[in-house]
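The structure under discussion appears below in the form of structure tokens.
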Amino acid sequence: MTADTSGIHAEHPFTDPPEERDPVRQFRGRLVAPVTIVTAGRPGAPVGMTISSLMVAEGLPARTFFLVGSATDLYEAIEDTGRFVVHALEDRHREASDVFAGIRPSPGGMFAGVDHVDGDYGPELTDAKSRLYCRFAGGSETTFHVLATGLVERVEVADLADPLAYFRGRYRRLD
């Protein structure tokens, strides 16, 4: 695996010094996480966010669970519409992931320059072909986040030859 050196900063500018880092967060950083963009919102009012704290559980119905801040525009849009889309990302989506994470500027907003269409479940990023279309089933408050639950109502699976992963504070490629 190789580290991402293509970003604006060599290191995140707001990283805590090692002696002040939360040990639970350090442990979480040692788990390889998928990189997704979750979108929601009504036509003309798209909202999205990069989410790595996510899992998908098989079953009838299948479910997805992810952590999101309760005061974020994304969570508010999900509560408002009752639906959302999860997009699995590839290595070529690093820039979009940074934009939707709020760490890369995007004049005109996060959807500027990102091809998308308004769908029944929210904005669909046309370049990210593997998607879950979910109905919001509720959220449970945690210490700093809401554990959002979605019922998977539709799935689109495309080949992910080069999936994007997050490990130890950086994007990684699976080789």
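The values are calculated or read from the model by the stated rules, or taken from the named source; none is laboratory data. The structure presented is a predicted model; accordingly, all values stated were derived computationally and were not measured. Neighbour counts run over all protein chains shown; Cβ positions are idealised from the backbone, glycine included. SASA here: full protein model, heavy atoms, side chains in, ligands and nucleic acids out. Shrake-Rupley method; radii C 1.70, N 1.55, O 1.52, S 1.80 Å.
Quick check, is Thr149 over 17 Å from Thr50 (Cβ atoms) and open to solvent by 40 Å² or more (accessible area, probe 1.4 Å)?
no
Kindly indicate the residue of the stretch 130-146 that is in a strand (DSSP E or B), over 15 Å from Gly119 (Cα atoms) and not β-branched (Val, Ile, Thr) and also least open to solvent (accessible area, probe 1.4 Å) among those meeting that condition.
Taking the candidates together, the pick is Gly138.
Looking at (1) over 19 Å from Tyr171 (Cα atoms); (2) open to solvent by 30 Å² or more (accessible area, probe 1.4 Å); (3) modelled with pLDDT of 95 or more; (4) outside any loop (DSSP other than H, G, I, E, B), which is the only condition Tyr75 fails?
Just one mismatch for Tyr75, condition (2).
Cβ-Cβ below 6 Å, separation at least six or inter-chain, first residue in the stretch 86-106 and more than 17 Å from Ala161 (Cα to Cα), second in a helix (DSSP H, G or I): which pairs?
If the second residue must be in a helix (DSSP H, G or I), the pairs left are Arg104/Asp98; Ser106/Val99.
Among the residues of the stretch 112-121, is any more than 25 Å from Asp159 (Cβ to Cβ) and not in a strand (DSSP E or B)?
Checking the stretch 112-121: at least one residue is more than 25 Å from Asp159 (Cβ to Cβ) and not in a strand (DSSP E or B).
For Ser106, state whether it is touching a helix residue (DSSP H, G or I) at 6+ places or on another chain (Cβ under 7 Å) and assigned to a loop (DSSP other than H, G, I, E, B).
Spelling it out, Ser106 is indeed touching a helix residue (DSSP H, G or I) at 6+ places or on another chain (Cβ under 7 Å) and assigned to a loop (DSSP other than H, G, I, E, B).
Looking only at the stretch 26-56, which residues are of a type outside the set (Ser, Thr, Tyr) and closer than 22 Å to Thr143 by Cβ?
Gln26, Phe27, Arg28, Gly29, Arg30, Leu31, Ala33, Val38, Met49, Ile51, Leu54, Met55
Can you say whether Gly122 is in contact with a helix residue (DSSP H, G or I) (Cβ under 8 Å, 6 or more places away or on another chain), at pLDDT 95 or above and either open to solvent by 20 Å² or more (accessible area, probe 1.4 Å) or not aliphatic (A, V, I, L, M) (or both), as far as the supplied structure shows?
In short, yes.
Could you tell me which residue of the stretch 48-72 is surrounded by the most Cβ atoms within 10 Å (Cβ to Cβ), considering only residues that are of a type in the set (Val, Ile, Thr) and in contact (Cβ under 8 Å) with a residue 40 or more places away in the chain?
Checking each candidate, the answer is Thr50.
I'd like to know if the stretch 16-30 contains one or more residues that are buried (at least 17 other Cβ atoms within 10 Å of the Cβ) and either modelled with pLDDT of 95 or more or among the aromatic types (Phe, Trp, Tyr) (or both).
no
Filter the stretch 152-169 down to the residues that are part of a loop (DSSP other than H, G, I, E, B), of a type outside the set (Asp, Glu) and surrounded by 10 or more Cβ atoms within 10 Å (Cβ to Cβ) and list them by number.
Matches in the stretch 152-169: Val157, Ala158, Leu160, Arg168, Gly169.
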